[in-house]
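Laboratory data are not the source of any read-out in this text; all were calculated from the coordinates shown. These numbers were taken from a predicted model, which means no experiment stands behind them. Cβ coordinates were reconstructed from backbone atoms using ideal geometry, including for glycine residues, and neighbour counts include every protein chain displayed.
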Amino acid sequence: MIKIPAICWLLLSSLSFGVGEYLSKIWGMAPSWKMTICVIIPYIIGVLFWLPALLIGENALAKIGSIWNLLSFCVTIAVGTIIFHEGLTIKNIIGLVLAIISIILLS
């Protein structure tokens, strides 16, 4: 069996989280029970992708958790700025660049 690197699982988890963030924003504009379920599902899937990342990452919670937090942060900003056209300040952009550098250094 092919061993998938932890970073791949973390990317899948954070992308699933991004879908959840997108749907959360849609839910916020028109809440409903059906949409609530639609929001919860990608978050659950994201957790299921997180578990193999933690296992493959030799149970290094601090490292794996930090990378996931930074990836999810970047995905959330991408959803907000690209899809919903929310603005970023210079300070926000600097923080995003530093987060990306952190992911590289932690990987």
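Note down, for the range 6-106, the three equivalent ellipsoid semi-axes (square root of 5 times each alpha carbon gyration tensor eigenvalue), biggest first, whole angstrom.
Numbers: eigenvalues 116, 84, 11 Å².
Ellipsoid semi-axes (Å, largest first): 24, 20, 7.
Which residue, 52, 31, 42, tops the fluctuation ranking in a GNM of the chain built on C-alpha contacts under 10 Å?
Result: 31 has the largest fluctuation of those listed.
So which residue, out of 30, 60, 78, gets the largest mean-square fluctuation from a GNM of the chain using Cα contacts under 10 Å as springs?
Highest fluctuation among the options: 30.
Hey, in the GNM for the chain with a 10 angstrom Cα cutoff, which one of 88, 48, 23 fluctuates hardest?
Answer for the Gaussian network model of the chain: 88.
Within 10 Å of each residue's Cβ, count the other Cβ atoms and sort 36, 81 from fewest upward.
Lowest count first: 36, 81.
Can you tell me how much longer the chain between residue 58 and residue 86 gets when fully stretched, taken as 0.36 nm per residue apart minus their C-alpha distance, in nm with one decimal?
Extra length from residue 58 to residue 86 when fully extended: 6.3 nm.
In nm, to one decimal, how far is the residue 30 label point from the residue 99 one, both placed 7 Å along Cα→Cβ?
2.8 nm
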